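The values are calculated or read from the model by the stated rules, or taken from the named source; none is laboratory data. Please read all numbers here as calculations on a predicted model, not as lab measurements. In this analysis, Cβ positions are derived from the backbone assuming ideal geometry, glycine residues included, and neighbour counts consider all displayed protein chains. We work out accessible area using only protein heavy atoms, side chains counted, and drop any ligands, DNA or RNA first. Shrake-Rupley method; radii C 1.70, N 1.55, O 1.52, S 1.80 Å.
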Amino acid sequence: MKSQIIELYVNGDLRTVTVRSADTLLYAIRGKLGLTGAKPGCLNGDCGACTVNVDDWPMKSCLMLAVEAIGKNITTIEGLKKTPIQQAFVDNFAFQCGYCTPGFIMNCHSLIHQHPDADDKTIKEWLGSNICRCTGYAEIEKAVKTVLENQ
Amino acid sequence: MDVIGRSILRKESQDKVTGRARYTHDHHSNTMLSGKVVISPYGHAKIVKIDTIEARNMPGVKAILAGEEFPLTGEDIRDRPPLAVDKVRYHGEAIALVIADTPGQAKKAADRIKVQYELLPVVHSPTQAFQKDAPMVHERLGEYIKEKHTTPVPGTNIATHIKIRKGNMEKGWTESVTTVEADFSFPPSDHVAMETRCSIAEILPDGTIKIMTSSQAPFMVKQLIAKYFNEDIGKIIVETPFVGGAFGGKASVQLEILAYLGSKAVGGLPVKILNSREEDILMSPCHIGLDAKIKFGADHLGIIKVAEIRYLWDSGAYSDKAIDLTRAGAVDCTGPYNIENLWCDSYCMYTNHPYPAPFRGFSHSELSFAIERTMDLLAQKLQIDPLELRYRNAIMKGHTTPTRVLLNQSNVGDLQKCIVRLKELISWDEGQVKEMNNRLVRVKGISCSWKTSTIDPNAPSGVILTFNRDGSINLMSGVIEIGTGTKTVLAQILAERLKMNVDNIHVKMEVDTQTTPEHWKTVASRGIYMAGRALLEAAEDVINQLREIASIVLRAPKEDLEIADSRVFLRDNPLMGLHFQDICYGYQYPNGNSIGGQIIGTGNFIMRHLTHLDPETGAGKPGPEWTVAAYGVEIEFDRRDFTYQLVKAATVVDIGTVLNKKAALGQVMGAMSMGLAFAGRETFYFDQLGRVLNPQLRTYRPLHYGENPEYLVDFVHTPDLEAPYGARGVGEHGLLGMPGALGNALSVAAGVSLHHLPLIPELIWKTKEAKS
Amino acid sequence: MLPFDFEYYKPASLKEAIDLYQTAAKNRKKPMFISGGTELITLGRINLVHTEAVIDLKDIAECMVMQFEGDYLVIGSTLSLTKIEETNHFPLLTKTASEVADHTSRGKITLGGNICAQIFYRETVLPFLLADSQVVIVGPSGIKVSPINNLFHEQLQLGTGEFLIQVATAKRFVTAPFVSIKRRQQWDTGYPLITVAALKIGEEVRVALSGLCPFPFRSKKVETLLNNREWPIEDRVNSALSELPGPILNDVEGSAEYRLFVLRNLLHDVLEVLGAS
Ligand SMILES: Cc1cc2nc3c(=O)[nH]c(=O)nc-3n(C[C@H](O)[C@H](O)[C@H](O)COP(=O)(O)OP(=O)(O)OC[C@H]3O[C@@H](n4cnc5c(N)ncnc54)[C@H](O)[C@@H]3O)c2cc1C
Ligand code: FES
Ligand code: FES
């Protein structure tokens, strides 16, 4: 039982993977499914680089065991197709090195979905979960607000 | 064409918003083994015994390296064993390396390596290291191999000593009516690039060493591995894909060495070592700390007549890049002020701290904190407006730098203009202090900076241009895309020069030292300057070749041909011409005859007239030009709690020319954010055993969204005549003045002089308590 | 990367969970209940937690309730903090919970996990200490309901094989005036330097603290002194400060002396905001 075959519902597809119970969701999607968009930054829940969506809510995939994700709807950055938030990140120069970007975008994506009328306070509360070391956050703020306003 | 200045979207944009951009760790194969480093839990301790027996028998373990003497490494002084042997000198030092099939197995085995230590007295600060009876970090300092211009003092903790002697000190003191003197200090901290460092090494049967690494300096990796281990340099190939932030921290060569040794131990199989965040903070090089002593003398107008400066840089356990950092701190030691009589001692001090890599700004944000706080103390003493004091002392053409470089209209920016613009931007005339209520007060603090890039006098950069059949161009440069957007800007420069659509220029993002022309290192805001110059030369080469073949086909002299829109055409009859696609792979006449051939453009650049420093006086030319900037920070301070919020932060930098507006703004704002985090929160906390107590992002906290201020950024344009389109480096400058400006604002707000970083409320409270 | 392997169970009933625990314990598997599981991962990866059998409580219906039952608000132990905040039945809890960790992490961190956490801040316990809540616990000997103030001493005192199902809070406490302030070392990120939560019940102010000592607490002694209306606030605060439990934390978040400085001002603020001056 320490290793097991499980099914994960990722980006609309049912995928079969062999995992140890001790494997995190991050490890499984990167290592077993080759979805390397979610990044390790701390493996400790502190940086948000590994953020994916689970049942439409942001989730730090380093804080979740793969076995905990059975039966849940997982969306990774690879599952987003030409969403407004992706383009807004491009247009507003909301990234530099790009390492935090998948995590930030997944968090923003869920925010826009859950709180289409998010105010500054809500935006801050949500986006405070991720660290971007390159930008000063002004561009990320602009990107997310542009999308919220255009809805 | 006007591509210059426009906010052209980054070439790699789509890759980065879709998760497709690949970083070192994203490259994985089933045959790849994993390396796990065992690190020292203490700051200074003798290694009594390393027991690897149990670990060797763990499942999946392929090799364990420990206790073996490998050649010493280090850039200026070879003082660092890749794996500690006799003793450990810092918390986090690599002591053993386990290679196993999977990361999990490697970690499990690493946890079972038992090391017995005997504690040694710890050197806690550069000041302590400087004392006569301090414990020795390197007992055999005199025996190490070193570079010619490095001056360690055996029998002490001094790894190098840089002297600046200029003018006549006695004269300076006599001309002064006021003096200020103050000490400043702060411990080391970290870069926290979001991508932790990662290296993969493999040795092929023919001896080819392949390394993939998250580095700013793949060409240095190649050189140093060849040098340290006596390998054939032509057989070393270093690849660098996207790099997830670097900030100087990835200019040091460390993990690559371990991966290389690891691969060697398993018969050349590929070995990957990925730092955990804790290892990245503890084991890999950090951001330097500093103890500074500053003394200024000034006349009654506030003109600084003399300065005596002592910098003790915290080199930590090993000197590596700290020697360069010590030199860089010396050459710009005064900040951007004209001081004719100057005495500066810049010492690189061994301590039992993690050792430093370069950090964005290369010693300048650090020394600026000390200098800019002293400037405010001087202003206060003389009752002169602090901005006015800086204006009066601003360095400019006609002055000489501490190392006696004569400044002219090109090699230095216009600081006075920056100050004037800053004054408007932060509404300085409305007053420095604004009462909000009986507790809250809004206060502005200001600062200035300058910086030259002390790079190797013979540092090279090269560019190759090739064509595609449709006439579009491939641009290859050894600059690493660490997030600065440099490669996109290079495409803009080429588009401007060739007057063509930037979309038809393809840049190669990855660097591979075998096929990409060398660019020294992607550091020091020198990417555009050096690679840009090489690129312009390559562009000339291409233009020349295009014209040559076109002149034959068009039967017109080369001089009559113009180039624009991917065409070569007659100046007086643009309709008569050829598209690049018709000539870039040779021209074929209707009957099949062909002339010309594939056009390949090459260009290179090397710095001119840089010199080493005179060992007694420091005289010499350390860098090509000085970028200057002025800064302001506005805080809202609670006078009861000593807490504060960052309200606004401003930077005005003389950028020469803006090449890509949004990219430049992004660089400046990002640097400001990093500077404020360094100034306001980030530091290593050590205990009595020299252990870093906060090696996680839970307790070592960079700025998060919403903690940032509103940014005000503007530019002054004094072109650097030697640089592509006059542009000066801008990657670091937003950071340099933040600690000083924040420190100045808080010192006014709290009514006490603050001398340490980080500027947390507790520090203010403590300083207040000590005063009362 | 967890450097150990374990069996993973997700029982659907209380009984199953209890049985699984006992069997695993018998087999020397050092079983561990998890609910959010974040400590298993973050402490496990640095060898501060070890187990060979993980029993995940998230599928147990009783642990997922959040509703008013009679005079009580009942909150299940496996609800995520985000869920509790979004529902917002208990504003003091919402406010206190919303300062724990960060928004995304709170989507994983649960109430039960935070109250029973090894990481000693356990900030979400503060509202329940103030509201004299009841804890519903199950173990090998069945279900028991006890006042949290009888069972929570520095941490929730659970017997082997027991776990927290729910916390029940009387309605009148849920709607009482409150203050909750989290003060950090710097700005808005990080563990508490000090978190103070306070409720006003009638004329009485109740105060509970996290981050001051290596455990959260509510002290009757401190409250009595703070509520002594004979004295000026200054004296009440001073006397309360001299009756604090020990040790006062002295760590990277702040020195003990500084914490006392911060606490003094916080207590002033609490008394002021709750109109107890
Ligand atoms: C990024 C980050 C920031 C953080 N910042 C803070 C902070 O500011 N303040 C703060 O208070 N905490 C903070 N923490 C710590 C965190 O709150 C705790 O580690 C977390 O609450 C554990 O919750 P969990 O649901 O994941 O617990 P789990 O990991 O599931 O369990 C934690 C412990 O409780 C036990 N347990 C779980 N459920 C039960 C139950 N029903 N009955 C009995 N025992 C049980 C487990 O056996 C385990 O020992 C932070 C954590 C992270 C990841
Ligand atoms: S890697 Fe998951 S939060 Fe940092
Ligand atoms: S873009 Fe580099 S960390 Fe955000």
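Below, the figures for the structure above:
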{"read-out": "Cysteines in chain B lacking a second Cys C-beta under 4.7 Å", "value": "B:C198, B:C286, B:C348, B:C418, B:C448, B:C584"}
{"read-out": "Listed residues B:T522, B:T611, C:T160, A:T16 arranged by accessible area, highest first, probe 1.4 Å", "value": "C:T160, A:T16, B:T611, B:T522"}
{"read-out": "The stretch C:48-108-the stretch B:5-80 distance, computed between alpha-carbon centres (Å)", "value": "39"}
{"read-out": "Unit charges on C-beta of K, R, D, E only; dipole of chain B, Debye", "value": "620"}
{"read-out": "Reduction of at least 40 Å² in accessible surface, 1.4 Å probe, comparing all protein chains with the chain by itself, residues of the stretch B:672-697", "value": "B:R681, B:Y685, B:Q696, B:L697"}
{"read-out": "Whole-number percent relative contact order across the stretch A:84-149, with pairs defined as alpha carbons under 8 Å at least 6 apart", "value": "56"}
{"read-out": "Table column - 3J(HN,Hα) (Hz), the stretch B:260-270, Karplus curve with 6.51, -1.76, 1.60, x for Gly and Pro", "value": "4, 5, x, 5, 4, 6, 10, x, x, 4, x"}
{"read-out": "The stretch B:31-120, relative contact order in percent, only Cα pairs under 8 angstrom and at least six apart counted", "value": "49"}
{"read-out": "Summed residue charge, Cβ within 12 Å of B:V253's Cβ, Lys/Arg positive, Asp/Glu negative", "value": "+4"}
{"read-out": "Buried area at the B-C interface (accessible, heavy atoms, 1.4 Å probe, summed, Å²)", "value": "2700"}
{"read-out": "For residues of C:177-189, the mean tally of beta carbons on other chains within 10 Å", "value": "5"}
{"read-out": "Surface share of carbon and sulfur [accessible, 1.4 angstrom probe, percent] for the stretch B:659-772", "value": "56"}
{"read-out": "Cα centre as origin, Lys/Arg/Asp/Glu Cβ charges: the protein assembly as shown dipole, Debye", "value": "900"}
{"read-out": "Per residue value of the accessible surface for chain B (all protein chains in place, 1.4 Å probe), Å²", "value": "34"}
{"read-out": "Protein accessible area in the stretch B:184-231, 1.4 Å probe - carbon and sulfur %", "value": "48"}
{"read-out": "Number of partner chain Cβ atoms within 10 Å, mean per residue of C:1-14", "value": "6"}
{"read-out": "Using θ = phi - 60° and Karplus 6.51 cos²θ - 1.76 cosθ + 1.60, couplings along the stretch C:161-171 (whole Hz; Gly, Pro as x)", "value": "x, 9, 8, 7, 9, 8, 10, 10, 10, 5, 3"}
{"read-out": "Expected 222 nm ellipticity per residue - DSSP helices of 4 or more, -39500 (n - 2.57), all of chain B, to 500", "value": "-7500 deg cm²/dmol"}
{"read-out": "Backbone HN-Hα couplings from phi across the stretch B:127-134 [Karplus 6.51/-1.76/1.60, Hz, Gly and Pro as x]", "value": "5, 5, 4, 6, 6, 4, 9, 5"}
{"read-out": "Inter-part distance where the stretch B:496-527 and the stretch C:136-167 are each reduced to a Cα centre, Å", "value": "64"}
{"read-out": "Nonlocal amide H pairs with B:V479, under 5 Å, H built at 1.01 Å", "value": "none"}
{"read-out": "C:E230/B:K771 FRET efficiency (R0 56 Å; Cβ-Cβ; nearest 0.05)", "value": "0.95"}
{"read-out": "Hull volume in cubic angstrom per residue (convex hull over the Cα atoms of chain B)", "value": "171"}
{"read-out": "Under 5 Å, built H, 5+ apart or other chain: amide partners of B:K305", "value": "B:G297, B:A298, B:D299"}
{"read-out": "Average accessible area per residue (Å²) across the stretch C:61-173 - probe 1.4 Å, nucleic acids and ligands excluded", "value": "35"}
{"read-out": "Residue (of C:N265, C:C213, C:Q186) at the positive-pole extreme of the stretch C:176-273, dipole from beta-carbon charges", "value": "C:C213"}
{"read-out": "Selection from A:I112, A:P40, A:A143, by position along the positive dipole direction of chain A (Cβ)", "value": "A:P40"}
{"read-out": "Centroid-to-centroid separation of the stretch C:243-266 and the stretch C:1-19 [C-alpha atoms, Å]", "value": "39"}
{"read-out": "Accessible surface buried once A binds C (1.4 Å probe; total of both sides; Å²)", "value": "2500"}
{"read-out": "Helix-derived mean residue ellipticity, 222 nm - over chain C, DSSP H n ≥ 4, -39500 (n - 2.57), to 500", "value": "-8500 deg cm²/dmol"}
{"read-out": "Cα-Cα pairs of the stretch B:328-394 separated by more than 15 Å (percent)", "value": "61"}
{"read-out": "Reduction of at least 20 Å² in accessible surface, 1.4 Å probe, comparing all protein chains with the chain by itself, residues of the stretch B:181-201", "value": "B:M194, B:E195"}
{"read-out": "Accessible surface buried upon B-A contact (total; probe 1.4 Å; Å², nearest 100)", "value": "4000"}
{"read-out": "Rg(Cα)/(2.2 N^0.38 Å) for the protein assembly as shown, N = residue count", "value": "0.95"}
{"read-out": "Sequence-separation-based contact order of the stretch C:7-56, relative, with Cα cut under 8 Å and 6+ spacing, percent", "value": "51"}
{"read-out": "Shielding by partners - mean other protein chain Cβ count within 10 Å, residues of A:81-91", "value": "3"}
{"read-out": "Protection proxy ranking of B:53-60, B:620-627 - average other beta-carbon atoms within 10 Å, highest first", "value": "B:620-627, B:53-60"}
{"read-out": "Radius 11 Å from Cβ of B:K295, net charge of other residues (Lys, Arg +1; Asp, Glu -1)", "value": "-1"}
{"read-out": "Carbon plus sulfur fraction of accessible area for the stretch A:84-149, probe 1.4 Å, in percent", "value": "51"}
{"read-out": "Compactness of the stretch C:176-273 as Cα Rg over 2.2 N^0.38 Å, two decimals", "value": "1.02"}
{"read-out": "Interface residues in the stretch C:72-117 - accessible area drops by 30 Å² or more relative to the isolated chain, probe 1.4 Å", "value": "C:E86, C:D102, C:H103, C:T104, C:S105, C:K108"}
